[in-house]
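Student: This is the structure I have questions about; it appears just below.
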Amino acid sequence: MVAVSCQKNSETPASSLQLPNQVAAVSGIVTTDTIYGNWGYPATPSTYGTIKVQLGGTDSIALTSFNNSFVQASGSYQLYYLRTTTIAFSALSTSDFVNPPGAPSGSIGLNTGGTTPNGWYNYNPSSPGNPLLVSNFYIAAVNTSPLGGTNYAFYFRYAGGDGTGSPNRGKYIITKGVLNP
């Protein structure tokens, strides 16, 4: 069944949603990716190797060590982290990470800071293959060359293991987006 409706008269159309001489823009488009780590052996973290995760264009981060669960910066990027319950992911800016939270971090993975988290997950002794995510923990990849280049923020929405015993690999779901200045 097809239905068609048409109005033909000389009335002026109702105003549209388009503003004259204005261009709509979306800043910081947010995407979600599922990432599978390399197969490896927990007793030998180097067997997991390194995988690259694209942030945008040719910009990437590296996941390495145990189940590829440690984030490392690539190229001209430095990593910063922030735990906040007052700023939504979609409202984060580069200044939220670098003023004053702290110095850049070379690698971000397992939380060793207790109640002041410095990592995105905690070890789960009751289920070692399923780490516990640190809530509201965000990571920024800040471009240092050129200064003012594209910066990214991301967080882990899910972390789990694939395989039983050895070998095994990590499975992660991350949400990422371009940071506003």
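Student: For the stretch 31-178, what is the Kirkwood hydrodynamic radius in Å, using each pair of distinct C-alpha atoms?
Tutor: Evaluated on the stretch 31-178, it is 15.5 Å.
Student: Would you order Trp120, Trp39 from fewest to most other beta-carbon atoms within 10 Å of each residue's own beta-carbon?
Tutor: By the 10 Å Cβ count, ascending: Trp39, Trp120.
Student: Continuing with this model, one more query. Along Cα→Cβ, 7 Å out, is where each label goes; now give me the distance between the ones at Phe89 and Thr112 in nm to one decimal.
Tutor: About 2.7 nm separates the two model spin labels.
Student: Okay, next question. Can you pull a Stokes-Einstein diffusion coefficient for the stretch 105-181 at 37 °C (0.692 mPa s), Rh from Kirkwood over Cα pairs, as a whole number of µm²/s?
Tutor: After rounding, the answer is 234 µm²/s.
Student: Mind giving me the nanometre distance, one decimal, between the label points for Leu132 and Thr31, set 7 Å out from Cα along Cα→Cβ?
Tutor: 3.3 nm
Student: Counting alpha carbon pairs within less than 8 Å and at least 6 residues apart, what relative contact order, in whole percent, applies to the stretch 31-178?
Tutor: Relative contact order, the stretch 31-178: 27 percent.
Student: Sticking with this one: Computed on alpha carbon atoms, what radius of gyration and Dmax characterise the stretch 60-133, expressed in Å?
Tutor: Spelled out, the Cα radius of gyration and Dmax of the stretch 60-133 are 13.3, 39 Å.
Student: Which net charge results when you count Lys and Arg as +1 and Asp and Glu as -1 among the other residues whose beta-carbon is under 11 Å from that of Ile139?
Tutor: Combined, the nearby Lys, Arg, Asp and Glu give +2.
Each reported figure results from applying straightforward, stated rules to the coordinates on display, with no laboratory input. Keep in mind it's a predicted model, so treat the numbers as computed, not measured. Glycine also receives a Cβ, built like all others from the backbone with ideal geometry; neighbour counts cover every protein chain displayed.
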